[in-house]
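Everything below concerns the one structure shown next.
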Amino acid sequence: MVIVMNKNATPAQIEHVVAALIDKNFDVHRSTGVSRTVIGAIGDKHAFDEREFLVLDGVSEVVRITEPYKLASRTFQQEDTVIEISGVKIGGDEVIVMAGPCAVESTEQIQAIASAVKSSGAKILRGGAFKPRTSPYSFQGLGEEGLKIMRKAADDHALLVVSEIMDQSQVELMVGYCDILQVGARNMQNFDLLKSLGKINTPILLKRGMSATIEETLMSAEYIMAGGNYQVIICERGIRTFEKYTRNTMDISSIPVIQKLSHLPIIADPSHGTGIRNKVAPMARAAVAAGAHGLQIEVHNDPDHAASDGAQSLYPEQFAQLMTECRLIAGAINKSM
């Protein structure tokens, strides 16, 4: 249920409504928009009468939320959520690009890539220190040493850092190095991890599971938000289908669908979405045209010898060209890059 307060509702009236909801055993979440306060009441309460709250002073309207995801829905918050991190705004009119290697391999590698992606216009350095691999014999990442290397490179080139968290036991470690924590596709429904991420104040990049529906993706976002962390960014990274010519099937249509259903920012990862270098740029351009708030692109200075996912990583010069092309598309839809 959502309770919309009048534009001139006083703080005392708002607090009275909150107290009344708590008295009815609702979990209360407050959203303050440009012109008015919206109060979300979360709980499986079918037997209450909306009129009990409609008659309270300062209340404009009471609306039941029909979607199973309450806090992530447009009903709870009409305005787009914009997440600001050290001056970088994700969810606004600027298309934000996160770029870097699949895995951090060495200081020389990450420094070279950070310099290249920064010069082309990326705002965030991506890279894996802990790598979830299908084979236990594949490169598993450098761990904390990789985080240290990436943090140093990002600081040297005025970039933010996003990296994947594998387990709830890593939360304390990773918030010390990362500006954004990424939940990978395999962990999208790791509910214990999602609950732990709801208790921190670090933005979360939530990747759609490879077989997940849009509703399931938003429900995973709901787990994080229900814990109190509203800084969630959805990432479309392709889904598994019967098609074999690409690693995954890039679901561009999910971008406008999620923007219709939810106020959360959504970005696209065409690197994992296709898994093939020469398919990354076309899907990135399509994602920008579809209205994505950002892109996550894998870039490597020597992809033929990359420790992981070299086949889907762009060369720095290819990334530079892609950024030029995407700026033209962004301008055509009144966005910037």
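Yes/no per residue for (1) farther than 19 Å from residue 90 by Cβ; (2) acidic (Asp, Glu); (3) touching a residue at least 40 places away in the same chain (Cβ under 8 Å); (4) in the same structural domain as residue 159 (by TED's automatic domain parsing):
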position: 280; (1), (2), (3), (4): yes, no, yes, yes
position: 283; (1), (2), (3), (4): yes, no, no, yes
position: 295; (1), (2), (3), (4): no, no, yes, yes
position: 307; (1), (2), (3), (4): yes, no, yes, yes
position: 312; (1), (2), (3), (4): yes, no, yes, yes
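On inspection, residue 58 does not qualify as assigned by TED's automatic domain parsing to the domain that holds residue 201 and among the small types (Gly, Ala, Ser).
Residues checked against (1) of a type in the set (Lys, Arg); (2) within 28 Å of residue 286 (Cβ to Cβ); (3) touching a residue at least 24 places away in the same chain (Cβ under 8 Å):
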residue	(1), (2), (3)
157	no, no, yes
189	no, yes, yes
200	no, no, yes
244	yes, yes, no
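Number of residues in region 106-119 that are in contact (Cβ under 8 Å) with a residue 60 or more places away in the chain, surrounded by fewer than 23 Cβ atoms within 10 Å (Cβ to Cβ) and closer than 24 Å to residue 165 by Cβ equals 1. Inspect region 208-224 for any residue being touching a residue at least 60 places away in the same chain (Cβ under 8 Å) and under 12 Å from the mean Cα position of the chain (by Cα) and give the result as yes or no. Yes. Of the numbered criteria (1) assigned to a loop (DSSP other than H, G, I, E, B); (2) free of Cβ contacts under 8 Å to residues at least 60 places away in the same chain; (3) in contact with a helix residue (DSSP H, G or I) (Cβ under 7 Å, 6 or more places away or on another chain); (4) not small (Gly, Ala, Ser), the one residue 28 fails is (1).
Per-residue answers, yes or no, for (1) aliphatic (A, V, I, L, M); (2) over 26 Å from the mean Cα position of the chain (by Cα); (3) not in a loop (DSSP other than H, G, I, E, B):
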{"residue": "4", "(1), (2), (3)": "yes, yes, yes"}
{"residue": "7", "(1), (2), (3)": "no, yes, no"}
{"residue": "17", "(1), (2), (3)": "yes, yes, yes"}
{"residue": "21", "(1), (2), (3)": "yes, yes, yes"}
{"residue": "41", "(1), (2), (3)": "yes, no, yes"}
{"residue": "49", "(1), (2), (3)": "no, yes, no"}
{"residue": "56", "(1), (2), (3)": "yes, yes, no"}
{"residue": "60", "(1), (2), (3)": "no, yes, yes"}
{"residue": "69", "(1), (2), (3)": "no, no, no"}
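Listed here are the residues, each with its yes/no results for (1) more than 22 Å from the chain's Cα centre (by Cα); (2) assigned to a helix (DSSP H, G or I).
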| site | (1), (2) |
| --- | --- |
| 296 | no, no |
| 307 | yes, no |
| 317 | yes, yes |
| 323 | no, yes |
| 328 | yes, yes |
| 331 | yes, yes |
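Checking each residue in region 140-183 for being outside any helix (DSSP H, G or I), surrounded by fewer than 16 Cβ atoms within 10 Å (Cβ to Cβ) and at pLDDT below 95 picks out 143, 167.
Exactly one residue out of 292, 287 is crowded, with 24+ Cβ neighbours inside 10 Å and assigned to a loop (DSSP other than H, G, I, E, B), and it is 292. Scanning region 224-239 for residues that are among the acidic types (Asp, Glu) and at pLDDT below 95 turns up nothing. Scanning region 236-280 for residues that are of a type in the set (Lys, Arg) and in contact with a Lys or Arg (Cβ under 8 Å, 6 or more places away or on another chain) yields 237, 260. Check whether at least one residue in region 244-265 is in contact with a His (Cβ under 8 Å, 6 or more places away or on another chain) and closer than 30 Å to residue 27 by Cα, and report yes or no. Yes, that holds for at least one residue.
The values are calculated or read from the model by the stated rules, or taken from the named source; none is laboratory data. Source: prediction; values computed, not measured. Glycine gets a Cβ as well: all are built from the backbone with ideal geometry, and neighbour counts include every protein chain shown.
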